[in-house]
Amino acid sequence: MNPDIFLPPQVAWATGALAGGPLIRKTTRLADLPGIFANSEAWKCGDPQQSVYDVDVLGSPVGEGALFVGVTHLHAGRVGDEFFMTRGHFHARREQGEIYFGLRGVGLLLLQTEAGDARLEQVTAGSVHNIPPFTAHRLINTGSETLSSLAVWSSIAGHDYAALAEGFVLRVFAAGQGIEVRHD
Ligand code: 6PG
Ligand code: NI
């Protein structure tokens, strides 16, 4: 092969599996999410070791202007009637936006401004989500299979979880065969 041509990492669009590069995986388990779900009794009854989501990030340079690529695999499940979701965060560098792409599964992207205005975008294979600056974001899996979403964000964005200690203003629950959105 021509020595000037490099093989980049690959994403399998159907599954979100990343390959061909250094990968850093972080698994978030039920035990890591105290106070996140509305029903704390149901949370205590769950298996603390159960994986709620895995985030794979391609190892890449960090610095002003450099971007990260990662995939979140949010498993299907509930705590009580509330669907599994990510912790959710503002970026520490609030002015940094982010792009999410739905790869598989079905769910919702919950967006919330610093003023507390929230909205939900439907996530499906092929959906494109342009998360604006100054906007907190959380994935919610409303389906019965893993929800996988590819993300591209600034390597200097960082995470501010503390700013959402009070939680988001919307929660999403299973109701019969459908879903119910409740205002906290
Ligand atoms: C980021 C991305 C994304 C996110 C994961 C897990 O800024 O890094 O938004 O990779 O971190 O989906 O969500 P939490 O960071 O909220 O646990
Ligand atoms: Ni983010």
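Coordinate-derived values only; no laboratory data. It should be emphasised that the depicted structure is a prediction, and the values quoted were computed from it without experimental measurement. Cβ coordinates were reconstructed from backbone atoms using ideal geometry, including for glycine residues, and neighbour counts include every protein chain displayed.
General observations
- In a simple Cβ point-charge model (Lys, Arg +1; Asp, Glu -1; nothing else charged), region 118-184 has a dipole of about 60 debye relative to its Cα centre.
- Region 1-93: relative contact order in percent, alpha carbon pairs under 8 Å with at least 6 residues between: 25 percent
- Cα centre as origin, Lys/Arg/Asp/Glu Cβ charges: region 53-121 dipole, Debye: 100 debye
- Relative contact order computed over the chain (Cα-Cα under 8 Å; 6+ residues apart), in percent: 23 percent
- Restriction of the trypsin sites (Lys or Arg not before Pro) in region 10-43 to DSSP coil positions whose beta-carbon has at most 11 other beta-carbons within 10 angstrom yields no sites.
- For residue 170, the residues whose amide H sits under 5 Å from its own are 184, ignoring neighbours fewer than 5 places away on the same chain, with H placed 1.01 Å from N.
- Contact order relative to length of region 58-155, as percent, for alpha carbon pairs under 8 angstrom and 6 or more apart: 43 percent
- Dipole magnitude of region 1-120, debye to nearest 20 (Cβ charges: Lys/Arg +1, Asp/Glu -1, about Cα centre): 160 debye
- Annotation note: GluC sites (Glu not before Pro) in region 1-85 located in DSSP loop regions with a Cβ neighbour count of at most 11 within 10 Å are 64.
- Extreme residue, positive dipole direction of the chain, given options 84, 48, 183 (C-beta unit charges): 48
- Neighbour net charge for residue 161 - beta-carbon separation under 13 angstrom, K R +1, D E -1: -1
- In the chain, helical runs assigned H by DSSP with n ≥ 4 each contribute -39500 (n - 2.57); averaged across all residues and rounded to the nearest 500, the mean residue ellipticity at 222 nm is -500 deg cm²/dmol.
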